[in-house]
Amino acid sequence: MHQDIILQKAKRYAHAVYRLSKLLPKEEQFGLTSQIRRAAVSVPFNIVEGFARKSRKTEAQYLTIAYGSLKESQFIIEFAIKESYFPEASAQHAISLGEEVARMLWVKIKTLQKHQEK
């Protein structure tokens, strides 16, 4: 799996989540809105930093952080849907992208970890 594809999809995910976060109520500006934006942009940030590293071990660590941030933002989307802050249909694009990025990151992390063992 090519690194650029993962990064491009992660960037699309961050933008989709950022747009989605604009639907959150004003009273959540310093709560969920801030948190989901930080988590979503952390995904491509950590991918970029991981790819820039020269060691597979360090790259895997940064991609693992990106994966954790992705899962955090996915949880916030689910939470916001359950709280009726926006309908699931509005979040579907971000949800789909998030699932795709999660699969890609997981495969890349496992591949890097497997190469470390050799």
*Based solely on its DSSP helices, what 222 nm [θ] is calculated for the chain when runs of n ≥ 4 H residues each add -39,500 (n - 2.57) and the sum is averaged over all residues, nearest 500 deg cm²/dmol?*
-28000 deg cm²/dmol
*Once Lys and Arg get +1 and Asp and Glu get -1 on their Cβ, which of Ala10, Thr111, Gln35 lies farthest toward the positive end of the dipole of the chain?*
Thr111
*With +1 on each Lys and Arg Cβ and -1 on each Asp and Glu Cβ, how big is the dipole of the chain about its Cα centre, in debye rounded to the nearest 20?*
560
*Can you give the accessible area per residue of the chain, in Å², using a 1.4 Å probe?*
59
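When the chain is fully extended, how far beyond the present Cα-Cα distance does Glu49 get from Gln8, taking 0.36 nm per residue of separation? Intermediate values should be presented prior to the final figure.
Working: separation 41, 0.36 × 41 = 14.76 nm, distance 1.41 nm.
The Glu49-Gln8 span can extend by a further 13.3 nm.
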*Heavy-atom accessible area of Thr64 with all protein chains present, probe 1.4 Å, nearest 10 Å²?*
70
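Per the 1.4 Å probe, what fraction of the accessible area of the stretch 1-113, in percent, lies on carbon and sulfur atoms?
55
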*Specify the residue with the greatest mean-square fluctuation among Arg37, Arg53, Arg12, computed from a Gaussian network of the chain linking alpha-carbon atoms under 10 Å apart.*
Arg53
*Provide the solvent-accessible area of Glu27, counting protein heavy atoms only and rolling a 1.4 Å probe, rounded to the nearest 10 Å².*
140
*For the chain, what does the equivalent ellipsoid look like in terms of its semi-axes, each the square root of 5 times an eigenvalue of the Cα gyration tensor, given largest first in whole Å?*
29, 13, 11
*Would you mind computing, in nm to one decimal, how far apart the modelled labels at Glu72 and Lys22 are, each placed 7 Å from Cα along Cα→Cβ?*
2.4
*How do Ser84, Ser42 stack up against each other in accessible area, from largest to smallest, with a 1.4 angstrom probe?*
Ser84, Ser42
*Of all the C-alpha pairs in the stretch 1-44, what % are more than 18 Å from each other?*
32
*Among the listed pairs Lys82/Lys114; Lys54/Lys110; Lys22/Lys108; Lys9/Lys82; Lys11/Lys57, which are separated by more than 29 Å between their Cα atoms?*
Lys82/Lys114; Lys22/Lys108
*Non-local amide H neighbours of Leu24 (under 5 Å, H modeled in plane, Pro and chain starts lacking H): which ones?*
none
*Gln29-Ser96 pseudo-label distance in nm [points 7 Å out on the Cα-to-Cβ vector]*: 3.3
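The values are calculated or read from the model by the stated rules, or taken from the named source; none is laboratory data. From a predicted model like this one, the values you see are computed outputs, not experimental measurements. Please note: Cβ atoms are built from the backbone with ideal geometry, for glycine as well, and neighbour counts cover all protein chains shown. Calculation scope for accessible area: heavy atoms of the full protein, side chains included, ligands and nucleic acids excluded. Shrake-Rupley method; radii C 1.70, N 1.55, O 1.52, S 1.80 Å.
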